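Presented below is the structure to which this report refers.
No lab work stands behind these numbers, since they all come straight from the coordinates. Small disclaimer: the values here were computed from a predicted structure and weren't measured. Ideal geometry is used to build each Cβ from the backbone, glycine not excepted, and the neighbour counts take in all protein chains shown.
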Amino acid sequence: MVPTDITAQSRRLPECNTYSYVERDSTLFLDVYRPDNPRPDRAAVITLFGGGFFAGARNNQHQKETAQALLQRGFTVISIDYRLGLRNKEMVAANSTLFKATGLFQYCIDIAVEDCAAAVAWVCSNADMLDIDPSRIILTGSSAGAITVLQLDYSRSNSLPEASALPSDWKPAAVVPYSGGIMCRKHDLKYATAPAPTMLMHGKKDRIVNYRSFGMPLSSKLFGAKKVDKAMNRQDIAHWFIRFDGIGHEVANWLPGSIDLFCSFADLTLAGRITTLDADMTDSNLQPTRWTDMNMLQMYTGAGRRR
């Protein structure tokens, strides 16, 4: 959804094998990319595209660039479909008020989480064929995909029905959301059991997936990375929180450009080291664009997408 300027665009993009993993109103698929030099620990990354729950695809340019970056570090990469609840424009128009919109957004997140859980179940069931270790699966995503992976682990932690398709004893090895958040029906976030090791990545100026929160009193709210960090600190949950001054939703597509940071966190976590990091960060390759000052309404209406 957000343009990137990385050298991966000039590389030969990787090939994949495609499998169907669940039947919904249509068949959902996933793409499996295998590394030439797999990690000895057989770790894998499940990645979810962004697009505001109305657009995006598992095999778009950014997903292929993400796969390329991860493949070069030895990960098996699995990019999945999930249902886009906001693709129906008539439904969006009928729920245009903020109060109704939060309910619709909750629905979109719930069905995406259901699909992600089904994909995880399929991958775990086929781990031998894929030559991966199901206990070493990292979840990552961009924007809507980032919301989905954070929400899945939150739902798993709190035994919510959206995550019921997960294997009963499964837990992500790590969760890495790029501009993500958690939709919560309560006034505050609380984990009933410990979440997976998590690295939150967010721009402080993000108003698409709001850095703090979005919603109305007495309704579901989308809690951004700032609020998720606060909830984790309140429960003494170790995690990494990387935030960017002067940057908005550009962070959503930053995984290929931050592969060293991703792997630093993944390597520590997969080695069993649970660490905490809280940092403001800058990167010369991550610069403000038209997305910096854009809000959620402008994104959905198209205002502000073009200058």
> Quick one: length gained pulling Glu15 to Ser213 fully straight, 0.36 nm per residue minus the C-alpha distance?
Replying inline: 67.5 nm
> What order do you get for Thr66, Thr18 when you list them from fewest to most C-beta neighbours inside 10 Å?
Replying inline: Thr18, Thr66
> In the chain, with Lys and Arg counted as +1 and Asp and Glu as -1 at Cβ, which of these residues, Leu297, Thr66, Pro161, has the Cα nearest the positive end of the dipole, that is, farthest along it?
Replying inline: Leu297
>> Shape verdict for region 149-204, please, from the Cα gyration tensor: rounded (a/c under 1.5), prolate (a/b greater than b/c) or oblate.
In response: oblate
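Quick one: Cys184, Cys116, Cys263, Cys108, fewest Cβ neighbours within 10 Å first, how do they rank?
Fewest-to-most Cβ neighbours within 10 Å comes out as Cys263, Cys184, Cys108, Cys116.
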> If the chain between Ala57 and Thr275 were fully stretched, how many nm would it gain, using 0.36 nm times the residue separation less the Cα-Cα distance?
Replying inline: 75.2 nm
> Which peptide among 141-147, 73-79 comes first, and what is the full order, when sorted by highest mean count of other Cβ atoms within 10 Å?
Replying inline: 141-147, 73-79
>> What distance in nm separates the two pseudo spin-label positions at Asn285 and Asn158, each 7 Å out from Cα along the beta-carbon direction?
In response: 3.6
>> For a quick check: sort Trp122, Trp170, Trp291 by the number of other beta carbons within 10 angstrom, fewest at the front.
In response: Trp170, Trp122, Trp291
> Which whole-number percentage describes the relative contact order of the chain, with Cα contacts under 8 Å and a sequence gap of 6 or more?
Replying inline: 16
> Hey, what did region 138-202 get for relative contact order, percent, Cα under 8 Å, at least 6 apart?
Replying inline: 43
>> Can you say what percent of the DSSP beta bridges in the chain, counting only those with both residues inside, are antiparallel? Round to 5.
In response: 40
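For the chain, return all DSSP H helices satisfying: extent of Cα atoms along own axis at least 30 Å; mean Kyte-Doolittle hydropathy at least 0.0.
98-125
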